[in-house]
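Chemist: Below are the structure tokens for one structure; questions will follow.
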Amino acid sequence: MAKCIGCGIKLQTHDENLAGYVPLLVSADLGDNVYCKRCYQIIHNGKRYNPEISDNDYYQKISVIKDQKAIVVLMIDIMDIYGGFIPNLHKYIGDNQVIIVVNKVDIMPKDVHLKKIEERIRGIAAKESLDVLSVIMISAKKKQNIESVLNKIFKIKDNAVKRSRSYRERRINKIRDCYILGCASVGKSTFINAIKEKYLDDKKLITTSDQFQTTMDFIKVYIDEDNYIIDTPGLINYRSFGAYLDYDSMKMLMPKNYLKPRTYQLHPDQTIFMGGLAGIDFIKGDKINVSFYTSNDLYIHRTKTINALNIYETQKTKLLVPPHTNEELERLSETKEVMFDIEDGAYDLLISGLGFVHIVGNNITFKVRVHKNIDVRLVETFI
């Protein structure tokens, strides 16, 4: 049986409640050019589905890479560079080299230094034991710099063959597979669709949406008769807010347009809420300036710390959104508090799934409250 052209799952016609279902008449009529029922409903009806691929299943799928001679393209969302690294990836890709593609750069204001972000990404990759050949900034949505990624892939393949001294070595060294890896919703399928539309004139697009794990299995896309790239399912990142939120909340967190930083001058004993997902209490400091580089739809609310608890309890799911539902609140009910100090200068507070907060001042102490699993860290500024 063929595979769904939207998500890669193997098609079946016997049970509409199982993954890959397609009516028998549709299958007979369209042959290999078929979307499964799930993809059809996502594309045409906007239907929501819960993630169906566990971490164990995900790692089992990608573990085949370590036994192949392949290129690995790791795609990262520029809004969450630490959360974009797949834990222990080096164990599953072996000695294969990596191209890191940083997506959604089109939303970043000009005061953000992309070179600083690239340097930070290279440092993270080194700690993760990844052999990185290039870091390339793109916008899959706007089809910006896609060609640079393709050129790099072709160059690596050509060099592998050129180094060979015999026909046997060429066969051994030839790199055929190129896997596109990344966490859920970083834009892997959008990237491949951009290639199909811009360079291949291919209208059979991979299924994309704002929900997680629209891709269910490997999808091979031929660039020419000798070269192809392989889309893969996304790993759910449980260190990021996206793993705990429903569709309406996720829509608010995923930037759709150019970010417009929101800046506040704060005093000690003031609190800022980022929706109902994070609270930042400023305990002490001189001339505290904070700028929020987050989705323009995320509600930011400032208040006195003495009133913060009452405001949260009375305004969660109302004024302080996301989250929007009690079910989401329950998932996020276990929290942690993290203390930070800034002696002098400018730093960025990174909150996985939200973006980052640029903080400038002297002798600052502040406390961040978030769900217990969310990655929160203070780093030298990208501004």
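Chemist: Out of the residues in region 89-104 that are without any contact (Cβ under 8 Å) to a residue 40 or more places away in the chain and surrounded by fewer than 19 Cβ atoms within 10 Å (Cβ to Cβ), state the one that is nearest to SER352 (Cα to Cα).
Modeler: Filtering first and then ranking leaves LYS91.
Chemist: When you scan region 106-146, how many residues do you find that are assigned to a helix (DSSP H, G or I) and without any contact (Cβ under 8 Å) to a residue 40 or more places away in the chain?
Modeler: 8
Chemist: Consider ILE364 against the criteria (1) more than 29 Å from the chain's Cα centre (by Cα); (2) surrounded by fewer than 19 Cβ atoms within 10 Å (Cβ to Cβ); (3) not charged (D, E, K, R): it satisfies all of them except one. Which criterion is unmet?
Modeler: That leaves (2) as the condition not met.
Chemist: What's the number of the only condition in (1) part of a helix (DSSP H, G or I); (2) modelled with pLDDT of 95 or more that GLY279 fails to meet?
Modeler: (1)
Chemist: Continuing with the same structure: Can you find, within region 192-239, the residue that is nearest to CYS36 (Cα to Cα) among those that are at pLDDT 75 or above and basic (Lys, Arg)?
Modeler: So, considering only residues that are at pLDDT 75 or above and basic (Lys, Arg), the one nearest to CYS36 (Cα to Cα) is LYS220.
Chemist: From the list SER129, SER134, pick out the single residue that is in the same structural domain as LEU181 (by TED's automatic domain parsing), more than 14 Å from the chain's Cα centre (by Cα) and exposed (fewer than 15 other Cβ atoms within 10 Å of the Cβ).
Modeler: Within the list SER129, SER134, the selection yields SER129.
Chemist: Oh, and also: Residues to consider are LYS69, LYS91; find the one that is among the charged types (D, E, K, R), under 25 Å from ASN193 (Cα atoms) and in contact with a helix residue (DSSP H, G or I) (Cβ under 9 Å, 6 or more places away or on another chain).
Modeler: LYS69
Chemist: Something else about it: Quick one: is ASP286 out of contact with any Ser or Thr (no Cβ under 9 Å at 6 or more places or on another chain) and farther than 24 Å from LYS110 by Cα?
Modeler: yes
Chemist: A further question on this structure: Looking only at residues in region 307-340 that are of a type in the set (A, V, I, L, M) and surrounded by fewer than 17 Cβ atoms within 10 Å (Cβ to Cβ), which one is farthest from GLY275 (Cα to Cα)?
Modeler: This residue is MET339.
Chemist: Let me ask something else. Can we say VAL376 is more than 20 Å from the chain's Cα centre (by Cα) and surrounded by 14 or more Cβ atoms within 10 Å (Cβ to Cβ)?
Modeler: For VAL376, the condition - more than 20 Å from the chain's Cα centre (by Cα) and surrounded by 14 or more Cβ atoms within 10 Å (Cβ to Cβ) - is not met.
Chemist: Exactly one condition in (1) modelled with pLDDT under 95; (2) touching a His at 6+ places or on another chain (Cβ under 7 Å); (3) part of a strand (DSSP E or B) is false for ASP286; which is it?
Modeler: (2)
The values are calculated or read from the model by the stated rules, or taken from the named source; none is laboratory data. Computed from a prediction, not measured in an experiment: that's the story for all the values here. Ideal geometry is used to build each Cβ from the backbone, glycine not excepted, and the neighbour counts take in all protein chains shown.
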